[in-house]
2 protein chains.
Amino acid sequence: MNIILLDPKNALGDGRYGLTLRQQSHISTVIKAKQGDVLRVGLLNGKIGEGVYQPPVENQAGYIHALTLFSSPPKPLPMILVMALPRPNMLKRTLQNITAMGVKHLYLIHSAKVEKSYWQSPVLQTESIQQCLLEGLEQAKDTVMPNWSLIPRFRPFVEDQLPDLLQGKVGLLAHPYLAKSCPVDIQEPCVLALGPEGGWNEFEIEKWLEAGMQSVHLGERILKVETVVPVLLSRLYPA
Amino acid sequence: MNIILLDPKNALGDGRYGLTLRQQSHISTVIKAKQGDVLRVGLLNGKIGEGVYQPPVENQAGYIHALTLFSSPPKPLPMILVMALPRPNMLKRTLQNITAMGVKHLYLIHSAKVEKSYWQSPVLQTESIQQCLLEGLEQAKDTVMPNWSLIPRFRPFVEDQLPDLLQGKVGLLAHPYLAKSCPVDIQEPCVLALGPEGGWNEFEIEKWLEAGMQSVHLGERILKVETVVPVLLSRLYPA
């Protein structure tokens with residue numbers, strides 16, 4: 001946790017903000033802050049700066065007050081990420097890492113090679129996803145919560161929603177075995193579609209291409225999802 | 001396992017190669033290959049191609065034979081990675097992932113902010129490290145085993161070994177808070193030094209800079225090691 005993200009919903013009045021249990025625990029046991037210490041804080045979806053810590057006293061919970069917020073959060077990546085649902089034990093880390101890298105628009109989509117059981121995972125509950133995204137923001141010292149949607153049905157998304165999303169953007173379909181090498185430093189917004197570990201099937205690839213996506217590969221090496229995502233994002237937007 | 005890597009030490013004569021238990025298990029339960037099936041294989045530190053599978057029969061273990069090896073392994077990254085020892089539960093994945101990306105020269109080095117206990121981890125035993133590197137090769141369809149060394153003492157390495165390693169290469173010290181932005185697509189060999197999660201301390205930074213390393217950062221976002229490594233490597237060598 002590299003920043004304490006304060007939720008306006010936890011405002012206590014008089015410029016004071018309440019802390020979640022996780023935050024209180026981190027402040028007490030990791031930062032070991034004392035009364036009056038100045039901590040790095042940010043307002044969720046707002047600016048970054050400093051605040052003064054008031055530890056818990058008797059019945060009163062700890063809080064942050066006297067905020068001065070002066071910095072903007074880091075630049076977001078100008079892209080929409082459409083990603084086949086990873087398996088549950090990869091999903092948490094994946095959500096944290098793509099958020100830390102600056103993705104603000106995420107669709108988790110079904111694919112033929114995604115096990116149906118993944119969609120039942122408790123990690124997909126709203127609070128659980130929000131928590132992963134929050135942890136990504138706290139890691140990267142960002143404040144802006146990504147938007148996200150679950151897309152359990154592939155075809156209606158690609159046929160009905162994708163064309164609108166592609167307006168004014170280049171569409172890139174990451175797939176290991178197709179012709180063109182993934183461009184470097186594209187300097188424009190994109191929609192990036194990332195398949196499951198087994199790859200998109202033929203029907204899905206046809207649908208993506210019909211919608212106007214171009215297929216790109218990352219070379220001969222087959223990388224795991226946890227590596228592919230940072231590689232792709234930093235290749236498209238290195239700056 | 002995207003390729004079966006055959007070890008010349010397991011050659012049985014007559015062009016036959018024995019399989020490890022892991023390989024036999026993967027071939028039986030994941031690939032579900034039958035007698036005579038053609039599998040993608042590679043020779044450790046050699047070429048890539050195909051071989052014919054002979055399943056286990058009674059007392060005789062399974063093997064691969066009739067190899068045709070026609071492709072070279074993927075290009076390596078022209079770099080030496082010097083990395084502060086990650087914590088044990090990150091180390092396995094980190095070794096696999098940097099191998100999958102093509103790192104062939106690795107030093108795992110001590111830093112003030114590396115817990116001494118990490119050096120006692122069983123993951124650091126030779127067979128364990130070799131196994132992680134092998135799994136990285138199998139993931140990426142590579143055959144060339146990286147060279148690696150454990151460097152439990154920082155100072156002698158930086159003072160005595162590093163100057164030689166830096167001959168004909170640019171030295172880059174990845175550190176979140178120093179001036180220059182990490183270059184993109186450097187088109188030359190490098191020595192890349194990656195610090196522990198808390199960063200190098202002042203003494204260590206001075207030693208790196210004295211030896212001729214230049215400090216570079218990746219921008220405002222603080223990323224976890226598992227993300228920083230692929231980001232850095234693909235930024236330096238995107239092609």
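The values are calculated or read from the model by the stated rules, or taken from the named source; none is laboratory data. This structure is a prediction, so every number in the text was calculated from the model and none was measured. Ideal geometry is used to build each Cβ from the backbone, glycine not excepted, and the neighbour counts take in all protein chains shown. Accessible surface is based on the protein model in full, side chains and every heavy atom, while ligands, DNA and RNA are left aside. Shrake-Rupley method; radii C 1.70, N 1.55, O 1.52, S 1.80 Å.
Chain A versus the axis that turns it onto chain B: the residue with the nearest Cβ and the distance in whole Å amount to A:Pro230, 2.
P(r) tail for the range B:88-239, what percent of Cα pairs lie past 23 Å?
Numbers: 4195 of 11476 pairs.
Looking at the range B:88-239, the distances longer than 23 Å represent 37 percent of pairs.
Accessible surface buried by the A/B pair amounts to about 2600 Å², both sides summed, 1.4 Å probe.
Amide H contacts for B:Val103 (H built 1.01 Å from N in the peptide plane; partners 5 or more residues away or on another chain; cut-off under 5 Å): B:Leu77. Diffusion of the protein assembly as shown by Stokes-Einstein, at 20 °C in a medium of 1.002 mPa s and with Rh set to the Kirkwood radius over alpha-carbon pairs, works out to 87 µm²/s.
The calculated 222 nm mean residue ellipticity attributable to helices in the protein assembly as shown amounts to -7500 deg cm²/dmol, summing -39500 (n - 2.57) over DSSP H runs of n ≥ 4 and dividing by all residues.
In nanometres and ascending order, the distances from the A:Asn147 label point to those of the other copies are 5.3 (point 7 Å from Cα along Cα→Cβ).
Look at where the Cα atoms of the range B:66-108 and of the range A:75-140 average out, and the two centres are 27 Å apart.
For the residues A:Pro88, A:Pro176, A:Pro156, a GNM of chain A with alpha-carbon springs under 10 Å puts the largest fluctuation on A:Pro156.
Measuring against 22 Å, Cα to Cα, the residue pairs A:Lys9/A:Lys47; A:Lys32/B:Lys113; B:Lys32/B:Lys141; B:Lys92/B:Lys113; A:Lys104/B:Lys141; A:Lys92/A:Lys224 contain A:Lys104/B:Lys141 as the ones spanning a longer distance.
Summing Lys and Arg as +1 and Asp and Glu as -1 over all other residues whose Cβ lies under 15 Å from the Cβ of A:Lys116 gives a net charge of +2. Averaging Cα coordinates gives a centre for the range B:163-217 and one for the range A:212-235; these two points are 26 Å apart. In this structure the amide hydrogen of B:Asn2, modeled in the peptide plane, comes within under 5 Å of the amide hydrogens of B:Gln139, B:Lys141, none closer than 5 places in sequence on its chain. Across the accessible surface of the protein assembly as shown, with the other protein chains kept in place and a 1.4 Å probe, carbon and sulfur atoms take up 51 percent.
Projecting 7 Å from Cα along the Cα-to-Cβ direction, the label point of A:Glu115 sits 3.1 nm from its equivalents in the other copies, listed shortest first. What the protein assembly as shown shows is 47 Å² of accessible area per residue, with the surface traced by a 1.4 Å probe over protein heavy atoms. In nanometers and ordered shortest first, the copy-to-copy spacing of the B:Glu202 label point, defined 7 Å from Cα toward Cβ, is 6.6.
Once the mean of 1/r is taken over each pair of separate Cα atoms and inverted, the range A:4-71 shows a Kirkwood hydrodynamic radius of 11.8 Å.
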